[in-house]
Amino acid sequence: MIEINYCIQCGAGVELRVPAGDNMPRHVCDACGTIQYQNPKIVAGCIPEWQGRILLCKRAIEPRYGLWTIPAGFMENRETVEQAAARETDEEAMARVEIAGLYGVYNIPHISQVYMIFRGDLVDGEFAPGPESLETALYSEEEIPWEEMAFPVVVRALQRYFEDRRRGMFEPFIDEIQPMKR
Ligand SMILES: [Zn+2]
């Protein structure tokens, strides 16, 4: 949970406690009664394919600067999750993508995130690094830089994607990412 000191509504100090009728500690403002809830974030991602290869982005931002990932990011208000996946592909790889379907859902409870990853086809095969990417490139399965991937969820999703593609069968699934063991 993120530490909160002040009320988002009136600016008074808040207290962390379980409100009446609730069962979880929340940041409560006694001055105006506002309760600031913290809930999981949805990350929308896309596995963009073009002629059998996958479009990856090399991150130009922290965390995991300089490592590779699929286009993905936090969903914005007032958009659908498919729109979010297509928008992230446009922003990070400057590529137009047609969403082909939900690939799978990854719960990551220890960081309170849910990844919703879609399959997508590049519309015209064009791409380029957006402001958040150092580089963008198409990779075949054999070429994927597995040792330089930014996030475990992306490694897991891509490995499964190639297996599913070999079998010729994509069925939406739900999986879970555990904390990394040290
Ligand atoms: Zn308040």
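The values are calculated or read from the model by the stated rules, or taken from the named source; none is laboratory data. Please read these numbers as outputs of a predicted model, since none were measured by experiment. Glycine also receives a Cβ, built like all others from the backbone with ideal geometry; neighbour counts cover every protein chain displayed. The protein model used for the area step is the full one, side chains on, heavy atoms only, and it has no ligands, DNA or RNA in it. Shrake-Rupley method; radii C 1.70, N 1.55, O 1.52, S 1.80 Å.
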(message) Return the residues of the range 144-168 that are over 18 Å from the mean Cα position of the chain (by Cα), open to solvent by 80 Å² or more (accessible area, probe 1.4 Å) and more than 20 Å from Y65 (Cα to Cα); say none if nothing qualifies.
(response) E163, R166, R167
(request) Filter the range 61-113 down to residues that are more than 23 Å from Q159 (Cα to Cα) and of a type in the set (V, I, T), then give me how many there are. (result) 2
(message) With within 16 Å of the ligand (Cβ to nearest atom), among the basic types (K, R) and at pLDDT 95 or above as the only criterion, which of R26, R119, R96 stands out?
(response) R26
(request) Go through the residues of the range 5-12 one by one and say whether even a single one is within 16 Å of the ligand (Cβ to nearest atom), surrounded by fewer than 16 Cβ atoms within 10 Å (Cβ to Cβ) and among the hydroxyl-bearing types (S, T, Y). (result) yes
(request) Could you pull out the residue among A31, A60, A20 that is more than 16 Å from the ligand (Cβ to nearest atom), open to solvent by 10 Å² or more (accessible area, probe 1.4 Å), among the small types (G, A, S) and not assigned by TED's automatic domain parsing to the domain that holds Q159? (result) A20
(request) Collect the residues in the range 74-88 that are assigned to a helix (DSSP H, G or I), open to solvent by 40 Å² or more (accessible area, probe 1.4 Å) and of a type in the set (D, E, K, R), keeping them in residue-number order. (result) E82, R87
